[in-house]
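For reference, the structure discussed in these notes is given below.
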Amino acid sequence: MQQGIWQRELLRVAVPVGLGLAAGWSAGYPLPGLVVGMTAAHVMSLRAMANLYRWSHRFGPPPQDSGLVGYSVDRIVRREKNLRTKLSQQARQLKRYNEGIESLHDGVLVIDADGYITNFNSAATRLLGLREEDQGQHVKNLLRSPRFTKFFDHGDYSKALQFDFQNIRPQTLMVQITQFGVDQKVLLVRDVTERKRVETMRQNFIADVSHELRTPLTVINGYLEMLQDMELPASLNKAVHQMSGQGERMQSLVNDLIELSRLESANSDNTGEYFSIRRLASSVVDQLQSYASNPVKLSCEQDVEVLGFEEELRTVLSNLLTNAYKYGGDGEVELRLSSAGQGLRISVSDQGPGIAPEHINRLTERFYRVDDSRESTVGGSGLGLAIVKHALEHHDAQLEIDSRLGQGSTFSFVLPPERVRLQ
Ligand code: ADP
């Protein structure tokens with residue numbers, strides 16, 4: 001194909017030149033004949049080039065040319081056609097994606113590397129009350145909330161953030177951030193106001209019922225205690241003893257439920273106050289030591305002050321130590337405070353029988369207890385570790401459980417650097 005083009009192109013030059021030369025030769029002027037032939041060939045090329053030049057400016061019907069110019073124009077036209085087809089395919093695809101994003105009930109915001117909004121869908125407009133001119137604004141200016149700002153700046157994007165947001169109306173939003181491309185982010189915003197309302201109703205119901213049960217239980221347990229001190233027939237004595245045990249269990253269950261409800265509904269925007277962690281740890285250890293038969297050891301590398309809620313951390317340490325004492329056999333129990341980078345690691349270890357791997361991830365679920373014969377002899381509500389988990393969330397910490405069957409257990413958490421200061 002290309003060879004044919006070159007041949008035609010050569011012929012286009014050779015024919016006028018040859019004819020000019022032949023005519024000049026026969027007239028006795030070969031040189032002027034050659035010049036005329038060459039000029040004619042050149043004029044023909046120029047005409048083709050002029051056509052090409054004009055076409056390149058107007059892009060109308062392509063110039064008709066059987067030589068190199070025509071062939072090149074043909075190639076350009078075909079390439080342009082392919083490009084147009086691809087572009088329109090891409091445009092259709094982009095339109096489909098945009099329609100998909102538009103049809104979502106969740107708000108979608110695309111943010112550039114510096115946090116400025118480059119695009120958002122209509123659900124975002126509805127949820128956050130955005131306007132067209134908000135494109136180009138910083139996302140922190142539009143989602144004004146200290147919790148969102150903290151999450152956006154230092155957050156762990158592997159988890160979603162739930163926070164209260166006041167815009168057109170009070171809402172509870174759930175935000176998930178995903179990074180893509182070079183430092184770009186997509187924010188997925190979901191309205192969970194209704195879910196939160198139902199959750200709050202559930203929490204309030206449990207808290208109310210628990211509060212209502214507290215007084216009658218105290219009265220019943222008081223009378224049962226009185227009965228235990230009295231001289232009763234042996235059969236009745238056994239029944240009273242059992243009732244008293246179950247009554248105490250119910251009371252501790254009710255207390256745990258109240259504590260859990262309190263922690264769940266606490267305002268998580270508060271950061272608490274500074275207090276000495278060594279003082280707190282030794283007071284919890286002393287308290288446990290007063291009734292535990294196991295030796296309890298406290299090791300503390302260095303005293304630091306912790307920013308948080310002292311009573312919540314007291315509950316955490318007390319629950320972990322009580323578990324270590326309850327389930328950890330007769331071996332030593334250790335409460336250890338050590339540095340973890342700039343933060344503080346607090347761990348409670350025991351030398352008990354350990355926990356099988358399949359239970360470990362479920363231990364912080366409410367009422368989850370390892371189904372084992374040991375539990376029948378050890379009282380517990382199954383709420384202790386759920387309380388620990390919630391209290392630690394208020395301190396930006398997570399419970400880590402390291403345990404193997406026959407090798408004891410270590411329950412630990414790390415308080416982040418912003419909650420720890422040297423005394
Ligand atoms: P409970 O009131 O039953 O102690 P928790 O939520 O504190 O409830 O603990 C849940 C379960 O985790 C316990 O029932 C027990 O089976 C297991 N567990 C907790 N701590 C330990 C430990 N140190 N060693 C072995 N098992 C433990």
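The values are calculated or read from the model by the stated rules, or taken from the named source; none is laboratory data. As the structure is a computational prediction, the values presented were derived from the model and not from experiment. A quick note on method: Cβ atoms are made from the backbone with ideal geometry, for glycine too, and the neighbour counts reach across all protein chains shown.
Every test in (1) without any contact (Cβ under 8 Å) to a residue 60 or more places away in the chain; (2) within 16 Å of the ligand (Cβ to nearest atom) is passed by Ser412 save one, and that test is (1). Which ones in the stretch 383-395 are away from the ligand (no atom under 12 Å from the Cβ) and crowded, with 20+ Cβ neighbours inside 10 Å? Once the filter is applied, which keeps residues that are away from the ligand (no atom under 12 Å from the Cβ) and crowded, with 20+ Cβ neighbours inside 10 Å, the stretch 383-395 yields Ala391, Leu392, His395.
Restricting attention to the stretch 293-333 and to residues that are surrounded by 21 or more Cβ atoms within 10 Å (Cβ to Cβ) and among the polar types (S, T, N, Q), the residue that is nearest to the ligand (Cβ to nearest atom) turns out to be Asn323.
Listed conditions (1) away from the ligand (no atom under 12 Å from the Cβ); (2) under 26 Å from Gln289 (Cβ atoms) are all met by Ile355, apart from (1). With a requirement of 3 or more residues that are in contact (Cβ under 8 Å) with a residue 60 or more places away in the chain and aliphatic (A, V, I, L, M), none of the helices (runs of 4 or more DSSP H) lying completely within the stretch 1-116 satisfies it.
Every residue, every condition in (1) surrounded by fewer than 14 Cβ atoms within 10 Å (Cβ to Cβ); (2) within 25 Å of Ala266 (Cα to Cα), yes or no:
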| site | (1), (2) |
| --- | --- |
| Ser145 | no, yes |
| Tyr157 | no, yes |
| Met174 | no, yes |
| Val182 | yes, no |
| Asn204 | yes, yes |
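For Leu224, the conditions (1) over 25 Å from Gly384 (Cα atoms); (2) loosely packed, with under 15 Cβ neighbours inside 10 Å all hold with the exception of (2). Taking the criterion of being closer than 13 Å to Glu301 by Cβ and surrounded by 17 or more Cβ atoms within 10 Å (Cβ to Cβ), the residues of the stretch 335-364 that qualify are Leu335, Arg336, Leu337, Gly343, Leu344, Arg345, Ile346, Ser347. Restricting the first member to the stretch 306-319 and to residues that are within 12 Å of Val284 (Cα to Cα), and the second to residues that are of a type in the set (S, T, N, Q) and surrounded by fewer than 20 Cβ atoms within 10 Å (Cβ to Cβ), the beta-carbon pairs closer than 9 Å and six or more apart or on different chains are Arg314/Ser283; Ser318/Gln287. Would a scan of the stretch 369-382 turn up a residue that is surrounded by 15 or more Cβ atoms within 10 Å (Cβ to Cβ), more than 7 Å from the ligand (Cβ to nearest atom), among the aliphatic types (A, V, I, L, M) and not assigned by TED's automatic domain parsing to the domain that holds Gln203? The answer is no, given that none of the residues of the stretch 369-382 is surrounded by 15 or more Cβ atoms within 10 Å (Cβ to Cβ), more than 7 Å from the ligand (Cβ to nearest atom), among the aliphatic types (A, V, I, L, M) and not assigned by TED's automatic domain parsing to the domain that holds Gln203.
Looking only at the stretch 181-222, residues that are without any contact (Cβ under 8 Å) to a residue 24 or more places away in the chain and on the phi > 0 side of the Ramachandran plot come to 1 in all.
Return yes when Asp106 is loosely packed, with under 10 Cβ neighbours inside 10 Å and of a type in the set (Asp, Glu) and no when it is not. In short, no.
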